[in-house]
Amino acid sequence: MRHTLTVALFALGLAACESVPAAAPTAPDYTPQPYSTVQNAEWSKDAVIYQLNTRQFTAEGTFAAAEEHLPRIAGMGVDIVWLMPIHPIGEVNRKGALGSPYSVKDYRGVNPEFGTVEDLRSFVDTAHGLGMKVILDWVANHTAWDNPLTETHPDWYETNWKGEYHPPLWTDWGDVIDLNFDNPELRKYMTEAMVYWVRDVGIDGYRADVASFVPLDFWNTVRAELDTVKPVFMLAEWETPDMHQAAFDATYAWGWKEALQPIARGEASVGALRGYYFGQQNTWPDAAYRLLYTSNHDQNSWDGTAPDIYGDALEAAIVLSFVSEGIPMIYNGQEAGLDHQLAFFEKDEITWRDHPHAELFTRLSALRSETKALWSGAYGARMIEVPSSDADNIWAFVRQGGDDAVFAVFNLSGVGRSVTFEDTLHHHSWTEVFTGAEQAFDGDERLTLPAWSYRVYVRDID
């Protein structure tokens, strides 16, 4: 009887299954989806960034003293001032006499060496009045050993196999210890701290230190929260396309400088730079701003000055950083011909003087602002190489948009070159930016360029 009942129930189950038609498979959606959902602030499209090291910027090393330079910086055409970390610096395991600004003791405090939060507000207000934005350097991955969070929230930190705090693995950053972003409460605290500086002090975004040491989903959440306050600009110290998906406007273009520096030393051909742009145009979203620079705080303090690294190629490298795809940056002091490696953990101020690079940066900033083809990301135009008779030493390209176009030619070698060009993309009448000379190209021209020289031509598109 039990067997008969079992068989009957099994048969009933089969009948029930057979009576319900299988759901039709969902058809794949082949509609193209944007890789990047970041909404770039309108004011960032033609921006030039200026990195400011408050400690070394003036003899006083304060926000108030730096504020006096803001009209001069604005006069160079700068749009975004990036302040290196402004927070109190840890004392435990401090490096040098003054410590690293990347060893944060209080995320809501201001380093008293620099002034007060009111001084910072005044700096930001003055910058805004001059038409510039201000972003802060944010160190989310690690704190100073004596950050009060180590006492109030020890579970917010990484520990080693002995249960002890530790610096970021495989580094010599002995003055800091790792935070653990597996903890939701840490994420909430960090996000609210970042919102505070935007909402209450008026800053306009962040440069995220070692951005990929922190989970990307944290940055995605932060960006969404900040944008509820106002449109912000986010720069990641990292170089992967995924950073642009929902969090960052800009990422470091380390590959650009790593291609260009061997060329400047005579150790590589233009093929190295061509390889960088191959990767940029084939694997990065159109909306990505790539940070281009010839110096910054790390390079200056640890690798060498821009004049030492680039030598006679420095001016060409600066010009290329402004006219190729990317967002250009000036490191403080470059406009004064900074030829000194600034000590990182001590007071070692910039020597200010008149230098031709100030005028060069000013002219390039104006060119970038006035020429839509040179704008960043999807706002600007892609580079199209113009082949020449000397592919190993000449880098030439056109960027053309709806209103204007640029034809740039660089001799990236220590020997003068005389070249002709192939194809017809550049066949137009142009005005050279630096000389004002008119130049028509129709295919019969031979251009002579001295060592490490450049020509930048512009034209309007009717």
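Computed quantities for the displayed model
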| item | result |
| --- | --- |
| Candidate values [x] 66, 48, 36; [y] 104, 59, 42; [z] 76, 57, 43, label of the one derived for Cα extents along the principal axes in Å | [y] |
| Low-density loop positions, chymotrypsin sites (Phe, Trp or Tyr not before Pro), the range 118-217 - DSSP coil, at most 10 other Cβ in 10 Å | W161, W170 |
| Value of Rg/Rh across the range 374-462 [Cα atoms, Kirkwood radius] | 0.95 |
| Gyration tensor (alpha-carbon) shape descriptor, the range 159-231, a/c threshold 1.5 | prolate |
| Calculated P(r) of the range 282-326 - Cα pairs past 12 Å, % | 66 |
| Computed label-point distance, nm, for sites E346 and S369 using a 7 Å Cα→Cβ extension | 3.9 |
| Mean Kyte hydropathy of -1.0 or more with a Cα span along the axis of at least 20 Å, helices from DSSP in the chain | 2-19, 216-229, 356-370 |
| Cα gyration tensor shape of the range 83-210, rounded if a/c is under 1.5, else prolate or oblate by comparing a/b with b/c | prolate |
| For the chain, accessible area per residue (1.4 Å probe, heavy atoms of protein chains only), Å² | 43 |
| Share of carbon and sulfur in the accessible heavy-atom surface of the chain [1.4 Å probe, %] | 53 |
| Proximal aspartates and glutamates relative to K257, as straight alpha-carbon distance under 15 Å, when same-chain residues fewer than 8 apart are discounted | E237, E239, E267, D298, D303, D308, E315, E325 |
| Relative contact order (percent, whole number), the chain, Cα cutoff 8 Å, 6+ residue spacing | 14 |
| Above-threshold pairs, the threshold being 20 Å between Cα atoms, out of K45/K188; K45/K133; K95/K347; K105/K133; K45/K230; K133/K230 | K45/K188; K105/K133 |
| Over the chain: helical MRE at 222 nm, DSSP H runs n ≥ 4 each giving -39500 (n - 2.57), nearest 500 | -8500 deg cm²/dmol |
| Beta bridge orientation in the chain: antiparallel %, DSSP, nearest 5 | 55 |
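The values are calculated or read from the model by the stated rules, or taken from the named source; none is laboratory data. None of these values were measured; they are calculated from a predicted model. Every residue, glycine among them, receives a Cβ derived from its backbone with ideal geometry; neighbour counts consider all protein chains shown. Only protein heavy atoms, including side chains, enter the accessible area calculation; ligands, DNA and RNA are left aside. Shrake-Rupley method; radii C 1.70, N 1.55, O 1.52, S 1.80 Å.
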